[in-house]
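Here's the structure, in structure tokens; my notes come after.
The values are calculated or read from the model by the stated rules, or taken from the named source; none is laboratory data. Not measured: the values here are computed from a predicted model. Here Cβ is always computed from backbone atoms with ideal geometry, including for glycine, and neighbour counts include all displayed protein chains.
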Amino acid sequence: MTVQSVILAAGMGTRLARPHPKSLTELSDGRTIMHQQVHNLEHAFGGDLRLTVVVGYKLEQILEHVPHASFVYNENFDQTNTSKSLLKALRNSAEGGVLWMNGDVVFDPRILDILNDFVRREQSFVAVDVAHVSDEEVKYTVGSAGYIKELSKAIPAADAKGEAVGINYVSQNDKQKLIARLEEVDEQDYFERAIELSIELDGAQWLPVDISAFYAVEVDFPEDLVRANASI
């Protein structure tokens, strides 16, 4: 089974204040964030992996960094958010579901062992950490059946079940619904807004998959990089 995987790496990453794309930030083990992600994906899926990277800011550096990947260009990288980068990737994907991740997530490779089961059975999901709930992160609530009901930074921490870690999967059955919602959301929206709309308006069922036994750090600020380096 071919596993289509996308890394969203078009953004400028201004909060980390680096002279290169944030995904090319070097970790303490000598790898970049992107190389860590690619190594994890290759270890989990081997020859079944079909990798696409969405590029924008200083794209030449990323093209040279992972030359064996396929690339999708978000020419409006400085005016749009992750919703439009994901939209371009899904429009260019082949038939079947798509696993995607933000290009700034440093994570334990064992997470993909857990997620692989859901990928193989074509279940849309959002990987979540139930051990931490920060006001600044994307949080979620669930409905009575256990599927995600809300997915937003605006959810009060006291009401949230946990936070999303930036690794997600859309099944073949839900992909066109998500594409349609990505098309209609605002250019500055995160892709989570489109997931919310697909749940609310299309009846899509997104499962929260708990990966909190392992580390997953989104590197937005220098202190996040310190935490990521302490984990690897």
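Just a few scattered comments:
- Just one residue in the set N173, N168 is crowded, with 23+ Cβ neighbours inside 10 Å, touching a residue at least 12 places away in the same chain (Cβ under 8 Å), at negative phi and not hydrophobic (A, V, I, L, M, F, W, C); that residue is N168.
- Residues of region 187-223 satisfying the condition of being among the acidic types (D, E), touching a residue at least 60 places away in the same chain (Cβ under 8 Å) and either out of contact with any strand residue (DSSP E or B) (no Cβ under 8 Å at 6 or more places or on another chain) or more than 23 Å from R121 (Cα to Cα) (or both): E187, D189, E218, D220
- L182 satisfies every condition listed in (1) within 20 Å of D224 (Cα to Cα); (2) part of a helix (DSSP H, G or I) except (1).
- D186 being at pLDDT 95 or above and farther than 27 Å from L49 by Cα: yes
- Residues located in region 185-232, provided they are assigned to a helix (DSSP H, G or I) and among the small types (G, A, S): A194, S198, A228, A230, S231
- Residue ID - surrounded by the fewest Cβ atoms within 10 Å (Cβ to Cβ), chosen from residues in region 1-37 that are hydrophobic (A, V, I, L, M, F, W, C) and over 17 Å from E218 (Cβ atoms): M1
- Any hit, region 103-117, residues being in contact with a Pro (Cβ under 8 Å, 6 or more places away or on another chain), in contact (Cβ under 8 Å) with a residue 24 or more places away in the chain and either assigned to a loop (DSSP other than H, G, I, E, B) or among the polar types (S, T, N, Q) (or both): yes
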